[in-house]
Protein chains: 2
Amino acid sequence: STKWASYGMFYKYQPLDLIRKYFGEKIGLYFAWLGVYTQLLIPASTVGVIVFLYGCATVDENIPSMEMCDHRSNITMCPLCDQTCSYWKLSTTCATARASHLFDNPATVFFSIFMALWAAMFLEHWKRCQMRLNYKWDLTGFEEEEVSDHPRPEYEAKILSKVLKKESKNKETEKEKLTWKDRSPAYLTNIVGILFMIGLTFAIVFGVILYRISTAAAMAVSSDPYTKDNVRVIVTATAVIINLVVILILDEVYGSIARWLTQIEVPKTDKSFEERLIFKAFLLKFVNAYTPIFYVAFFKGRFTGRPGKYMYIFRSMRMEECAPGGCLMELCIQLSIIMLGKQLIQNNLFEIGIPKLKKLIRYLKLKREVKLEPDSNYKKPQQYEADYNLEPFAGLTPEYMEMIIQFGFVTLFVASFPLAPLFALLNNVIEIRLDAKKFTTELRRPNAAKAKDIGIWYNILRGIGKLAVIINAFVISFTSDFIPRLVFMYLYSPDGTLHGFTNNTLSYFNVSHFEAGSEPREAMALGYKVEICRYKDYREPPWSPEAYDVSKEFWSVLAARLAFVIIFQNLVMFMSDFVDWLIPDIPKEISERISKEKLLMVDLFLKEEQTKQQIVEESLKGTAIPLLVLIAPLVYGLGLLFILPF
Amino acid sequence: STKWASYGMFYKYQPLDLIRKYFGEKIGLYFAWLGVYTQLLIPASTVGVIVFLYGCATVDENIPSMEMCDHRSNITMCPLCDQTCSYWKLSTTCATARASHLFDNPATVFFSIFMALWAAMFLEHWKRCQMRLNYKWDLTGFEEEEVSDHPRPEYEAKILSKVLKKESKNKETEKEKLTWKDRSPAYLTNIVGILFMIGLTFAIVFGVILYRISTAAAMAVSSDPYTKDNVRVIVTATAVIINLVVILILDEVYGSIARWLTQIEVPKTDKSFEERLIFKAFLLKFVNAYTPIFYVAFFKGRFTGRPGKYMYIFRSMRMEECAPGGCLMELCIQLSIIMLGKQLIQNNLFEIGIPKLKKLIRYLKLKREVKLEPDSNYKKPQQYEADYNLEPFAGLTPEYMEMIIQFGFVTLFVASFPLAPLFALLNNVIEIRLDAKKFTTELRRPNAAKAKDIGIWYNILRGIGKLAVIINAFVISFTSDFIPRLVFMYLYSPDGTLHGFTNNTLSYFNVSHFEAGSEPREAMALGYKVEICRYKDYREPPWSPEAYDVSKEFWSVLAARLAFVIIFQNLVMFMSDFVDWLIPDIPKEISERISKEKLLMVDLFLKEEQTKQQIVEESLKGTAIPLLVLIAPLVYGLGLLFILPF
């Protein structure tokens, strides 16, 4: 098993049977699952790379970004913040517009349908693999409950204390159970605790938004032209890094909080303890990891108001807008930094670094102890001593959690970042061997535990798969510019092409309508007097009778977006159900073998019984003890008596 | 069991165990399922009636229908057909508007959410009941395949003919299978046949639409004022009756076509034959029963065009419009007539009448035969002779099919007809006893067949449940006026109430813009010269620069409708999944009992084995035949040999 744990073997299949023999079924199933997942990431990342390359190849033919980069069009945009910011030219965002085409093209729509079906395929494929392993490892008849149905000592202690308390009042000692009343304070603490943690996450994300708004405004004042040019990049990058650090810290904190909350709940069995812990930890970590991404995808730039009537938080801070290339580009940056940072730092650094560090500390402690007793001769420690120095095994939950959160990155927002499966694949190829190394060399050998399936994780995977469909539908229709382009082409374009699309998405604003005090100080920054500036929204122009009201186009684009969500969601759900129905849960060869074996077993059993009967009869003949003849029917009668009452 | 079959016993539980003993598990499960379904229809119909009563109670407070009935408002509507129809007053449709409020009120939205959850509950509840029956009837270990995995004689005949054909060429006689190539002509016939049948259904529905349009136009010409007034009622009623008759006839035809198509497919086993037959028959009958309803719900009145630019079929026939009260009223009429008619005629008349008729014919035939042989003395026929005179048992498929189609009526369009569950309940209370009577007295006693579950029907029920969510979402948002009212209240109403809603939904048309030849002949029918008439649509008025273009309001209402579909669908799906997750599939007491029994069985088995071992040992001691000691390990070794290769 040392061979399996080396990086050089990444291309080979894992020796699952050996893993199972050494570590038990539970860990064997984890590595099997990780293997299946990683294997299926290969086609996903291949298609993802092709989609990305398609984006690269078509970037020069993309009319909207060409229009944005066209210096002749010379569109003057309204300032991005009050007073300190000035008017600016649309053509300065040319690079962003070109970059966002890499992720915002029709191939992305295809890719997110593909990934939804991929997720359904993966779950079905895993079910089959699990059945095959169950069969191979002889678990088909094994029932989970038999093993882990014993109450936990903490539960029994609580029962005991309750009984003792009661006994002081009356002397009955019937079998006690924790009632709803006993549990309600713990449940209440749980709910409050979880809501508080979720609130904390939201508050932190909100804090980062405030940081971003205020820094952007402060930097815009700076006279250094270099700083001014790079405001957006610097602000975005630092904000994402703050987000990442917060996520990493809270991840550890939430892990222990979830454990503490589950402990005060006092669940009855080990199994229910594990399930409750996993559920809580998953909920907290999921919210923690995805809140900033959800904000960028669905909320950023939606509530900015319009020039002359901006929305403010705390009266002075204007809500931030997305870059003119669309929020999709920012979503993509956010997603890639969080995903890569989380994987690199948490999975690889933490997983290797911390056990190594702990080992080092333990080793130093031991050395000091040895020094304190200088009389004992140094001798090579026994294997069991060396093993004892290793970290104890803390359960599979963190390993699964990490992978499930990654599965979320791969499926939930894949419409905005088609390279996610590739990065996940690269991480996992390393991860398998790292985990293997950790399990074989860094940790004490865990107790072998039997398990038939991966338990609650499967349900979580299914849930993520379902959520992914609806989130991708919303990302494509609301975050990307896919639908506005289609609507423009079929409803408003004079020649059926995208020429004029950029102009169409920008509304007009008469600068004399600025609220007093919010107009830019340097009105002449562009070298001429600005009378009309443009902003990205569908609103009536100043010369319309309903000036600055949302326009008809706004509603038609909204209707098209919503229609797309309905069509996409139902189509993908139907196709997933179809995949589900097409692939049987139990592989045919396994079900055939099982029924064949059953027949053989029955045959064998009958034969054996016959032989025994023969012996009994012969012996009866030989020794003539007629009493014994009565025993066999007696036993059967007894059996009937046992079965009948039910 | 004669007691069970009498109408008087409708309020009592069915004697399921007796049914199972007499008819076998399969029929027992059918009656159990029917019982559970009927029982759960009680709360559904109660809530349905309450919703309907709420509609009745609030009809006088409903502002839109009050506005329509107000004679002072005096709105002149555009003619409903070319030339022969004239302008008309909106207040003439007062009654329809009031009636449609009965089904088009906010309580309906609540009711359709309730019914979607009810469907989820029903499926979960049935799963539990099935488990309980399985346990009670000792079917937990029973595997379906063991019984019905034998190939059908037709299949073997086909294999044989194939082998014979092949043998003339080469002399190999390996085990033959029907390959894809052998089956493809049958599959092709199937697909073509089903598509043709579906096309036929569509064609007939289209024919009825043509009938409706042309009759309405013809009757409008008539000089009889009474006819003229009742045109809509007469046309609608006759058209629905034609639809109903066509559905009833095609139902029988499609049943035999599905059987024929399945026969030429030559499925391998009886089970697969049944499943394929059910699938095909269900598809055809579903399309047959629901096509006219789908048309009224989603297509009627959507493609009429606008005054001055109507849509025509066959150049002369204008597409029909919905009544001014909304299409929901028409949907409700269509639904109730088809549902009630189908149930009354098909279920009760056909099911009782036709077996009785066949019995009569058979009896008359017998009598003639008896007359032909006058020498034989008349004697009371033996019981088996009387039984032979009964109809043979044709399988449960028609019984299930009828109920599933009814389940569709109860769930799919429940948003438009909250009384559907009540009518279904009334029908089923009779149906259970009718079926019972039929099975006990009208049909030969069927062969008892074992079955663990209701098979493919469960999947069909699930599918209908899922479909119901999306269809109800569309009915509420597109067929009813629920969303336009909300949008008006929150976006356009000056005082936040529904006052002015009717006026808001009607667009203006300048009668001078009629296409030449389509203007009404009697321009002065209302006693004054009409210059502006109104029609139900969201379009710009004639004095706008974009006259007759769809207005901003059209797009905003469309967006709201689509948003409602998304919210409704996802909310209901989430709640259904929650119900699914909340109710465990296996009742707790059953799973506890099963595990307890397992333990008892193991104990018993061990004890028995011990006793046997003792006997063997004692007999060995007594007779001292050491050879026999070898047999036991030998048998176990043999067992190992059998198991190892897998």
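For the stretch A:532-549, the candidate set comprises residues that are modelled with pLDDT under 85 and over 44 Å from the mean Cα position of the chain (by Cα); within that set, the residue that is least open to solvent (accessible area, probe 1.4 Å) is A:544. Might you check whether a residue that is within 23 Å of residue A:322 (Cα to Cα) and polar (S, T, N, Q) occurs anywhere in the stretch A:527-545? No: the stretch A:527-545 contains no residue that is within 23 Å of residue A:322 (Cα to Cα) and polar (S, T, N, Q).
(1) more than 14 Å from chain A (Cβ to nearest Cβ); (2) out of contact with any helix residue (DSSP H, G or I) (no Cβ under 9 Å at 6 or more places or on another chain): which one isn't true of residue B:588, the others all being true? (1) is the only condition that residue B:588 fails. For the stretch B:50-67, state whether one or more residues are over 16 Å from residue B:433 (Cα atoms) and modelled with pLDDT under 80. The answer is no; no qualifying residue exists. Take residue B:467 and decide whether it is within 15 Å of residue B:405 (Cβ to Cβ), at pLDDT 75 or above and buried (at least 19 other Cβ atoms within 10 Å of the Cβ). So residue B:467 fails the test. Considering the stretch B:552-572, and only residues there that are at the interface with another protein chain (Cβ under 9 Å from one of its Cβ atoms) and either among the acidic types (Asp, Glu) or out of contact with any helix residue (DSSP H, G or I) (no Cβ under 6 Å at 6 or more places or on another chain) (or both), the residue that is farthest from residue A:564 (Cα to Cα) turns out to be B:553.
The residue pairs whose first member lies in the stretch B:449-475 and is within 13 Å of chain A (Cβ to nearest Cβ) and more than 21 Å from residue B:566 (Cβ to Cβ), whose second member is part of a helix (DSSP H, G or I) and not hydroxyl-bearing (Ser, Thr, Tyr), and whose beta carbons are closer than 7 Å, counting only pairs six or more residues apart or on different chains, are B:456/B:275; B:456/B:278; B:456/B:279; B:460/B:282; B:460/B:404; B:462/B:123. So, in the stretch A:278-330, of the ones that are of a type in the set (S, T, N, Q) and within 27 Å of the chain's Cα centre (by Cα), which residue ends up least open to solvent (accessible area, probe 1.4 Å)? This residue is A:288. Taking the stretch B:342-435 as the region of interest, the helices (runs of 4 or more DSSP H) fully inside it that hold 2 or more residues being surrounded by 14 or more Cβ atoms within 10 Å (Cβ to Cβ) and modelled with pLDDT of 85 or more are B:397-411. When you scan the stretch B:487-494, do you find a residue that is within 14 Å of chain A (Cβ to nearest Cβ), assigned to a helix (DSSP H, G or I) and within 30 Å of residue B:402 (Cβ to Cβ), even just one? No - not one qualifying residue is present in the stretch B:487-494. Pairing residues of the stretch B:151-163 that are touching a residue at least 40 places away in the same chain (Cβ under 8 Å) with residues that are open to solvent by 80 Å² or more (accessible area, probe 1.4 Å) and of a type in the set (D, E, K, R), at Cβ distances under 6 Å and at least 6 apart in sequence or on separate chains, gives B:151/B:268; B:152/B:270; B:155/B:268. Against the definition (open to solvent by 60 Å² or more (accessible area, probe 1.4 Å), within 33 Å of the chain's Cα centre (by Cα), at pLDDT 85 or above and of a type in the set (Asp, Glu)), how does residue A:577 come out, yes or no? Answer is yes for this residue. Considering each residue of the stretch A:501-508 in turn, at least one proves to be open to solvent by less than 10 Å² (accessible area, probe 1.4 Å), more than 19 Å from residue A:329 (Cα to Cα) and not in a loop (DSSP other than H, G, I, E, B).
Has the stretch A:93-107 got at least one residue that is closer than 30 Å to residue A:509 by Cβ, hydroxyl-bearing (Ser, Thr, Tyr) and open to solvent by less than 30 Å² (accessible area, probe 1.4 Å)? Yes: one or more hits.
The rows are residues; the columns are (1) at pLDDT 85 or above; (2) closer than 29 Å to residue B:349 by Cβ; (3) out of contact with any Asp or Glu (no Cβ under 6 Å at 6 or more places or on another chain); (4) not β-branched (Val, Ile, Thr).
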position	(1), (2), (3), (4)
B:208	yes, yes, yes, no
B:226	no, no, yes, yes
B:245	yes, yes, yes, no
B:249	yes, yes, yes, no
B:254	yes, yes, yes, yes
B:259	yes, yes, yes, yes
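Identify, please: which residue in the stretch A:54-92 is within 30 Å of residue A:317 (Cα to Cα) and charged (D, E, K, R) and is, among those, surrounded by the fewest Cβ atoms within 10 Å (Cβ to Cβ)?
Within the stretch A:54-92, the first condition is being within 30 Å of residue A:317 (Cα to Cα), and the residues that meet it are A:68, A:74-92.
Applying the additional criterion that residues be charged (D, E, K, R) yields A:82, A:89.
Numbers: A:82: 20, A:89: 14.
Only one residue tops the list, namely A:89.
In this structure, residue A:582 does not satisfy being open to solvent by 70 Å² or more (accessible area, probe 1.4 Å) and within 25 Å of residue B:473 (Cα to Cα). Scanning the stretch B:291-334 for residues that are assigned to a loop (DSSP other than H, G, I, E, B), more than 20 Å from residue B:240 (Cβ to Cβ) and basic (Lys, Arg) yields one hit, B:315. The combined condition, being modelled with pLDDT under 80 and more than 7 Å from chain B (Cβ to nearest Cβ), is not fulfilled by residue A:582.
One residue alone among A:531, A:540, A:519, A:546 is of a type outside the set (A, V, I, L, M, F, W, C) and over 19 Å from residue A:75 (Cα atoms), and that residue is A:546.
The values are calculated or read from the model by the stated rules, or taken from the named source; none is laboratory data. Worth saying up front: this structure is predicted, and the values here are computed from it rather than measured. All Cβ positions, glycine included, derive from the backbone under ideal geometry; neighbour counts span all protein chains shown. The accessibility values were calculated without ligands, DNA or RNA, using every heavy atom of the protein model including side chains. Shrake-Rupley method; radii C 1.70, N 1.55, O 1.52, S 1.80 Å.
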